[in-house]
Amino acid sequence: MFQMKNIAYISVILTGIMLGFSSCKKQEDIYKDYVVSNGLVYPGPVMNPIAKPGDRRIEIEWKRGVDPRVVKARIFWNNYTDSVEVACSRDMDIVSKIIPLPENTYTFMIHTYDAEGNVSIPVELQGRVYGPTYTSMLSNRVLLSTVYDGSDLTLNWHDAEKTVVGVNLTYSEKNVTGTKTYVVDPSEMVTVIPRFDMNKPLIYSTVHKPDFLAMDLLYAIPIEIMIDPWITIPRSEWTAEHSSVHDSNVASRAIDGNPGTFWHSQAQAQYPHWLTFDMKKVIKVRQMTLVMRAESPANTFRHFMLQGRLDGETDWTDYPPEGTDYYSFEPVGLSRQTFTVPGDPEMQHIRLWFVNSHNQIYAVLAEFEVFGAFK
């Protein structure tokens, strides 16, 4: 009885084993049509490629990678209708390719290949190509003002945009043949051009790097300007003299830029009174501006003459207004009264000859300015 039970148990085990072998064989048969002999080979794909935008071109770049089987790559765009091949030798650390392209935004697909022609999975990359349309929209850095002192030209700039890497200046120097160039740094707010030739144009173009990866710098459309020579002449180097003075109210107070200070002639001195100024350089005088002090504005001159000369020795030349002999000064405190000088005469020394008064025998003047051009 015990023996029969053992025989039956062994029979069950053997039957199970045979059924198991039969089941495994059938499962292999199911998948055998999908198994490729020796397996599929996928070369290592490109890793972390970058696109460097440029002017009607783009550079695609990536690290060589560790797969020694890779011998080349191909970059596709326009839905695989266009492509370019790139060699990938083992001694290369960086693989790159510059591709000339029209201005546009592109999607690139990159595959690597081994010597047997096996191809990697694709890696997608987007990049932009700049061109004339983008360049035409670039702005030049704003030039706030220019100041010419007879020798040097000072340019005052607005803050530069983030994409600006410089401003290219082209200009001419006095008595020098040809042109000179200078690059203004984005952080530079004031630029001084020495010995600037006012008879030649100033040309400037702003340089942009639109992307930190950009391979090319782009230039805004150049601006060409002629510097306006007519300015309010700086007075810092002027010297002044007077016919007489009351207390400490000397002639230099009329050119100190502070209308709260003033020249005052000697209180008992009779007309005429005068002030002379040495402007240190020959000036073409187009206009002059006079300002009276705020207190007692009527206690000053009424009519005056403008006189000038090139040096300190020759006789003075009168420059009267058209149609009369004298200029008329109104008794208004702190009012800027501007007078045109016909003919833009040239002079270095200028004299104000005060002829008569509104109601006092003395004369007072708070500020005197000249609007003109350096010769």
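The values are calculated or read from the model by the stated rules, or taken from the named source; none is laboratory data. Worth saying up front: this structure is predicted, and the values here are computed from it rather than measured. Positions of Cβ are generated from backbone atoms using ideal geometry, with glycine treated the same way; all protein chains shown enter the neighbour counts.
Values computed for the structure shown
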| quantity | calculated |
| --- | --- |
| Test: residue in the stretch 47-54 that is at pLDDT 95 or above and either farther than 15 Å from Val129 by Cα or of a type in the set (Ser, Thr, Tyr) (or both) | yes |
| Test result for Lys63, over 30 Å from Asp228 (Cβ atoms) and either modelled with pLDDT under 95 or touching a Gly at 6+ places or on another chain (Cβ under 7 Å) (or both) | yes |
| Members of the stretch 39-77 that are among the basic types (Lys, Arg), within 14 Å of Ser89 (Cβ to Cβ) and touching a residue at least 40 places away in the same chain (Cβ under 8 Å) | Arg69, Lys72 |
| Unique residue being without any contact (Cβ under 8 Å) to a residue 12 or more places away in the chain and either small (Gly, Ala, Ser) or loosely packed, with under 12 Cβ neighbours inside 10 Å (or both) when the list is Ser83, Ser136 | Ser83 |
| Conditions (1) out of contact with any Leu (no Cβ under 7 Å at 6 or more places or on another chain); (2) touching a residue at least 24 places away in the same chain (Cβ under 8 Å); (3) of a type in the set (Ser, Thr, Tyr): number failed by Tyr319 | (1) |
| Search result, residues across the stretch 49-66 that are surrounded by fewer than 16 Cβ atoms within 10 Å (Cβ to Cβ) and farther than 29 Å from Val207 by Cα | Lys63, Val66 |
| Residue identified as outside the structural domain of Pro68 (by TED's automatic domain parsing), out of contact with any Asp or Glu (no Cβ under 9 Å at 6 or more places or on another chain) and at pLDDT 95 or above among Leu144, Leu217 | Leu144 |
| Residue list for the stretch 187-238, filter: of a type in the set (S, T, N, Q) and either without any contact (Cβ under 8 Å) to a residue 40 or more places away in the chain or over 18 Å from Val282 (Cα atoms) (or both) | Ser187, Thr191, Asn199, Ser205, Thr206, Ser236 |
| Flag for Thr112 being surrounded by 15 or more Cβ atoms within 10 Å (Cβ to Cβ), modelled with pLDDT of 95 or more and hydroxyl-bearing (Ser, Thr, Tyr) | yes |
| Matching residues, the stretch 158-183, being buried (at least 16 other Cβ atoms within 10 Å of the Cβ) and in contact with a Ser or Thr (Cβ under 7 Å, 6 or more places away or on another chain) | Val164, Val167, Asn168, Leu169, Thr170, Tyr171, Ser172 |
| Count of the stretch 274-326 residues which are within 13 Å of Glu346 (Cα to Cα), hydroxyl-bearing (Ser, Thr, Tyr) and buried (at least 17 other Cβ atoms within 10 Å of the Cβ) | 1 |
